[in-house]
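Working notes for the structure below.
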Amino acid sequence: MDYSRMKYVIGCLFAAFLAGGCTEDNEGGTGDEHWLKFEIPEVPVTSDYTVGAFYLKSNDRMSGGSVTAANRKACWARLTGTGDFANYEYDVCPKETPIWGDYDMKTNDVKAEDIDLLQEQMDTYAGHGIDFLILPSVSLDINNSNELTTGDVEQVKVLVGKIGEGKPGDGANDVEMNPGIKHVNFPMKYACSVNVDNITKAVKLTGVKADGKKVSKNGTQLSNTHLIEDSEAEEDWVQTLINGEEVTRVDLLNILFALTAGEFFDDPNYMKVDGKPMVVIENSSRLFSKDSKALYDGIRSYVREQTGYDMYLVAKSGDAWCPPDRYEYFYLRGGVDALTSLNMYNGLDYTDTYNFYPQAIYLNMQYTREYIAGKYGIDFIPTGGIGFNRFVENGDLTIPIVKKDPDVFRRMCNIMKGQAGTKRIVFLQAVNEYKYDSFLDPTVERGDLMLSIVKEQFKK
């Protein structure tokens, strides 16, 4: 058993134990005797839930990281059950064809047809009970650290209608400057996610001194022996230079959030919780810190000074589930406002648990929600999966498949309703995660069936 598998199984066992413990009637076994076999309470909708859904960029939608044309074609064939996979069983190949195809918008040259497709997508999501999208993450341009990474921020701007048809860079497709150009009229709310990954890695940072001379220094990857505050040590200085001033890694973190805030928070469509703009933090578990409370207080203070906004910070765990106190020193003690995780289908690679995955997920969510609320005063936002099929991504048949099914999805929605935190917010992963057959987008075969369940389950 590999580590991730063991971690998930132990986590489920621990959560279940805390939730009820073992008795003479639930000591294990299979079928009617299994300790995970219990009825999950049905949760009626007495008032609307606020539904957010992740929207993935092109590479993340089809695969993780870099995607070659050949890999992309093979992934699409496994999803749709075409080409070399036409004779595969339905249980292996979903045999679903998203109506918008394998779209891939180029942000450096936005076409009219790109805008048309995006507009149709956004209108469809808004019409089926999705209140806001969590958009692809933005990051800091580490070697030009007074700017966000160009491709990241331009993609978000196109999606929410800040830039439209044309080539960005000269202002020609800036909607504020040229309101008549074709652009997306965004019909709902959206939240940004920020990726702190490149700030935490062992990257070579380059800057320019006031005299124009270029300088560079090597950073050390953050770890439990090299904390973010250690980057300020004279002999191990991790820095870049902005306008000739030395900037530490803590400063870079503050700048990332402030630039994101300055770019998007004033938008009337930006998602706010109690008047605070929501920001989802990707890879927050890589922020090794001596004092995470001081670190997060510093981020909040810097953004407030630069923009006037207080933020609603959501830490996204990199694990499908593990005991939440693992992250005490990363962000729980730091005082983020809410915690979410990957959808828990990602961890269902153990056969015994797989047979009762709704119950395992229910207990995991329940334990996390109660624990972080009681110990840290932090809210919980459950993230629910639509399905899970790793074969689609890379041909892997060693992981059990969670077949995308309307009744299974309804059951997941019911679990999320019961375990939502005090703000009654839920996340769905995702509208367009084709690589795992975890998507809500309409298909040629089933139309908008899966999307229709969202409004049915979360709206009164």
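Every number here is computed from the coordinates shown, using simple stated rules; none is lab data. What you see is a predicted model; the values in this text were computed from it and never measured. Cβ sites come from the backbone with ideal geometry, for glycine too, and all protein chains shown count toward neighbours.
Highest-first packing order for the peptide set 324-330, 173-179, 355-361 is 355-361, 324-330, 173-179, based on the mean count of other beta carbon atoms within 10 Å.
For N59 and E328, the difference between the fully extended length at 0.36 nm per residue and the C-alpha to C-alpha distance is 93.7 nm. Along the axis of the charge dipole computed for the stretch 244-356 (Cβ charges of +1 for Lys and Arg, -1 for Asp and Glu, origin at the Cα centre), the listed residues V247, G318, A261 are led at the positive end by G318.
Each peptide in 377-390, 415-428 gets a packing score, the mean of other Cβ atoms within 10 Å over its residues, and the list from highest to lowest is 377-390, 415-428. Label the stretch 35-177 by shape, choosing from rounded, prolate and oblate, from the square roots a ≥ b ≥ c of the eigenvalues of the Cα gyration tensor; if a/c is under 1.5 it is rounded, and otherwise prolate applies when a/b is larger than b/c, oblate when it is not. Oblate.
Placing a label point 7 Å from the Cα of V45 along the Cα-to-Cβ line, the residues of the stretch 438-460 whose backbone N sits under 13 Å from it are 451-460. Applying 1/(1 + (r/R0)^6) with R0 = 30 Å to the Cβ-Cβ distance of W100 and N394 gives a FRET efficiency near 0.85. One decimal place: the segment E229-K182 gains 12.3 nm when fully extended, by the rule 0.36 nm per residue minus the C-alpha distance. In terms of its alpha-carbon gyration tensor, the stretch 59-118 comes out prolate; a/c meets the 1.5 threshold, and the first ratio a/b outweighs b/c. Could you list, in their original order, any pairs among K276/K404; K57/K201; K111/K435 whose Cα atoms are separated by more than 27 Å? Beyond 27 Å: K276/K404. Basic side chains Lys and Arg get +1 at the Cβ, acidic Asp and Glu get -1 at the Cβ, and with that the dipole of the stretch 323-429 about its Cα centre reaches some 340 debye.
In terms of the Cα gyration tensor, with a ≥ b ≥ c the square roots of its eigenvalues, is the stretch 255-406 rounded because a/c is under 1.5, prolate because a/b exceeds b/c, or oblate? Prolate, since a/c reaches 1.5 and a/b exceeds b/c.
Packing here is the average count of other Cβ atoms within 10 Å per residue, and on that basis the peptides 114-122, 338-346, 87-95, highest first, run 338-346, 114-122, 87-95.
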